[in-house]
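Just so it is clear, none of the values below were taken in a lab; they were calculated from the coordinates. Every value quoted in this text rests on a predicted model; they were computed, and no experiment measured them. Heads up, the Cβs are rebuilt from the backbone with ideal geometry, glycines too, and the neighbour counts pull from every protein chain shown.
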Amino acid sequence: MIRITLLLLLVAFFSVYAWKDWFVSLCGAILLLAVVRHPDFPNNIGGIQGGNPWNVLILSILLAWATRRGEEGHEWDMPTIAGWMLFACFVVVVVGVIRLLLNDYPTGETNGTILSEYLVNTVKWVIPSLILFDACRTRQRATIALGTILCLYFLLAIQVIRWMPLSEVGSGSDLSSRASKITQNEIGYNRVTLSMMLAGASWAALAMMPVLKQNLPRFIMLGVAALIAFGQALTGGRTGYVTWIGIGIVLAALRWRKLLLILPVALLAIGVCLPSVSQRMFQGFGGQEGNFTVGTSAYEMTSGRDIAWPVVMAEIGKAPLIGYGREGMMTTGISDRLMNEYDEAFPHPHQAYLQLLLDNGIMGFLLVIPIFLYVIRHSFTQLLVRDDPLVCAIGCTAFCLVLALMIGAFGGQTFYPREGAVGMWAAIGLLLRVHVNSRQAVETGEPIFPEELPTKGFFNGPEENGVPSEDPPERIWNHHQATSDPAILSRST
């Protein structure tokens, strides 16, 4: 009860403080996602649908931002192509929900619940990304926002480490079953989702090290990266394991060659110190268990996905262009069929690409996937930047988190925004800000991130006796012109 009271007080504080500093409250809201899925966290206030404390907080932040953002004197300058891609994703979500409402299949849910769960609760997870994009126009804010994102994953990893009883985990199957139960009951996130989230975050934390100027903070950040990787190992998510290895190999090939030496050492250490992780990784591949030879099992290797995927793909073939609308697994009867024939619960295909095709067809697929490819492309460019560690760290974070989703999507996940993807979307918002600032820096010759923001009066210096200080910095004037001139903005997009 004390924990819940403290959480509610935090939510109340950030909700009120948002009207003084919405950026700080937004960072607080992102950090609260580490506990918002906990079973003890209130789901509603006064029985109002969707009226949980976090929703109240993000609504307060959204209103404060919309009301007070103009005080900084900036125009909305998101790249046009990125804006249209996000709008296309929104259209896909809305159309899918409308089709679900019009479907005759008995879902057992009211129209209000469907709108709340599948529309509002999908769109709201992208809001922090949009506000961060608008907010992080200085180096200080960008650094704080990036640190907040990484801190979110660190807090989740610490909870996994806290609740997973290593002393009671003797095999890969034990690790899988206990992680599934414990993470859901004590943290609130599915272990497969946690595994994917932490797989990208551990590498992103390493990229933050060059941003830090002193050895002690760098050493601490190295420990943070190691703890996130350790927490990820304890989730027992095999797709997450593959994702972690894959991202490490890609980063080594693109930028940090030394990782090719570190990866084998890390895998060997995990195999020696956590044998249950190795057993979980290769569960279903057969081999020797004591005096018995175990054969290869596709069912165990894929955790039952081998029986679901063919059924889903056959159904996709019946409506390849537009799919069946949101929750296609349910409305087509696939979930009921798999339960009746195999006694297996499959509320979704356990493959995000198949889910997207089943729900929205090829047309929806072609409208949603481009935003992720766009982010991968531009984050790759920033990842290679060598003269600004912060730009490189932001690019690496967005690259790792989005790539983790796209790799993890082959074994689960979803491309619909949800609470587990807020950190990724926040990193996308930062990435888009760097992309815009980089274009403007080319036009003006100014740094990508100014140290301070110009105000509406174009002055950043102190005022004496109510009179603005003389000789305002020319740099501030130039930066304001670069972020206000429609001609420059049109070229930057």
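For region 189-199, backbone phi angles converted through the Karplus equation (6.51, -1.76, 1.60; θ = phi - 60°) give residue-by-residue couplings of 9, 5, 5, 5, 5, 4, 4, 5, 4, 6, 4 Hz, Gly and Pro being listed as x. Our coupling estimate for region 207-219, obtained by passing each phi through the Karplus curve with A = 6.51, B = -1.76, C = 1.60 and θ = phi - 60°, is 5, 6, 4, x, 5, 7, 8, 10, 5, 5, x, 5, 5 Hz, Gly and Pro reported as x. Each part reduced to its alpha carbon centroid, region 83-155 and region 184-209 end up 19 Å apart.
Let me check I've understood the local charge: for residue 399, count other residues with C-beta under 12 angstrom from its C-beta, Lys and Arg +1, Asp and Glu -1. What total comes out? My count for the surroundings of residue 399 gives +2.
Can you tell me which of 124-135, 52-63, 218-229, 187-198 comes out highest on packing, and rank the rest after it, using the mean Cβ neighbours within 10 Å? Can you show the working numbers first?
Details: 124-135: 22.2, 52-63: 19.6, 218-229: 18.0, 187-198: 25.0.
Ranked from most to least packed, the peptides come out as 187-198, 124-135, 52-63, 218-229.
Counting other C-beta atoms within 10 Å, which of 92, 24, 211, 442 has the fewest, and how do the rest follow?
Details: 92 24, 24 16, 211 21, 442 12.
Placing the least packed residue first, the sequence is 442, 24, 211, 92.
Coupling constants for region 441-448 follow from the phi torsions by the Karplus curve (6.51 cos²θ - 1.76 cosθ + 1.60, θ = phi - 60°), and in residue order they are 5, 5, 6, 9, x, 8, x, 4 Hz; glycine and proline get x. Electrostatic bookkeeping for residue 152 treats Lys and Arg as +1 and Asp and Glu as -1; over the other residues with beta carbon under 15 Å from its beta carbon, the sum is +1.
Please tell me which of these pairs span more than 30 angstrom C-alpha to C-alpha: 181/258; 213/258; 124/181? If you can, show how the numbers build up before the last one.
Working: 181/258 37 Å; 213/258 21 Å; 124/181 28 Å.
Violating the 30 Å Cα-Cα cut-off are 181/258.
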